[in-house]
Amino acid sequence: MTGAADGAPPPAAHASAARRRSAGIYSTIVASAVLAAGGGQLATVPLAVTVLVTLLVYWAAEGYAELLGEAHAGHLPTWAQVRASLATIWPMVSASYVPLLSLLVARILGADTKTAATVALVVAVVLLLVQGWAGGRASQLRGLRLLAVTLIAGAFGVVMILLKLLITH
């Protein structure tokens, strides 16, 4: 038996939470890639806007592809299904807020855009570590398995920092 009786979330709620977590990890990686590629090329505000617009496009495309995949027997999803699906994957955009805020704060505090982008990438790595750990905990992982999924998530961000160093040096 699963659900409220044994303390576990119902399967639909678990799937929705897993979708939100995966969307957050995915968007943090995409935001990191844009920060790495544009950090040495764009001014701070255009860089932040580029990250947001890129993630909005990914969010809309992901929602579109998923909803198209759910269409069956000549019927499209209802507007309620569209709204619910898009709301579930909104972390694809909102997960970028913390790295973008750190980008802007670093710039306001006097860092140049390249340095502010590096600060945002470091914040993104920390965010990926937290997201990996939370995902591992939600999957009831413990010990070395939890450590492994946490470090793998952080490694994605480290790769983006290495990419930035390669591009800008």
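The values are calculated or read from the model by the stated rules, or taken from the named source; none is laboratory data. Note that the coordinates shown come from a computational prediction; the quantities given were computed from them, not determined experimentally. Neighbour counts are summed over all protein chains in view; Cβ atoms, including those assigned to glycine, are modelled from backbone coordinates with ideal geometry.
A few comments on the model shown:
- Residue within the range 68-75 that is surrounded by 14 or more Cβ atoms within 10 Å (Cβ to Cβ) and on the phi < 0 side of the Ramachandran plot present: no
- Here is the figure for the range 75-100: residues that are of a type in the set (S, T, N, Q) and in a helix (DSSP H, G or I) total 4.
- Hits in the range 120-133 (condition: over 13 Å from the mean Cα position of the chain (by Cα) and either over 30 Å from I108 (Cα atoms) or surrounded by fewer than 21 Cβ atoms within 10 Å (Cβ to Cβ) (or both)): V122, W133
- Meets criteria (in contact with a Lys or Arg (Cβ under 8 Å, 6 or more places away or on another chain) and either farther than 16 Å from G24 by Cα or of a type outside the set (V, I, T) (or both)) for T88: no
- Filter pass, A116 being more than 30 Å from H14 (Cα to Cα), part of a helix (DSSP H, G or I) and among the small types (G, A, S): yes
- Subset of the range 138-152 (residues that are at pLDDT 95 or above and part of a helix (DSSP H, G or I)): G143, L144, R145, L146, L147, A148, V149, T150, L151, I152
- Unmet criterion (only one of (1) over 26 Å from P46 (Cβ atoms); (2) more than 18 Å from the chain's Cα centre (by Cα); (3) not aliphatic (A, V, I, L, M)) for S85: (2)
- Among (1) part of a helix (DSSP H, G or I); (2) at pLDDT 95 or above, the one test that V158 misses: (2)
- E70 vs. criteria more than 19 Å from G135 (Cα to Cα), touching a helix residue (DSSP H, G or I) at 6+ places or on another chain (Cβ under 9 Å) and at pLDDT below 85: yes
- Number of the exception - A111 against (1) assigned to a helix (DSSP H, G or I); (2) surrounded by 13 or more Cβ atoms within 10 Å (Cβ to Cβ); (3) without any contact (Cβ under 8 Å) to a residue 60 or more places away in the chain; (4) among the hydrophobic types (A, V, I, L, M, F, W, C): (1)
- Residue among R137, R107, R142, R83 that alone is closer than 20 Å to L35 by Cα and among the basic types (K, R): R107
- The residue list V51, V45 contains one member that is closer than 28 Å to T150 by Cβ and modelled with pLDDT of 95 or more, which is V51.
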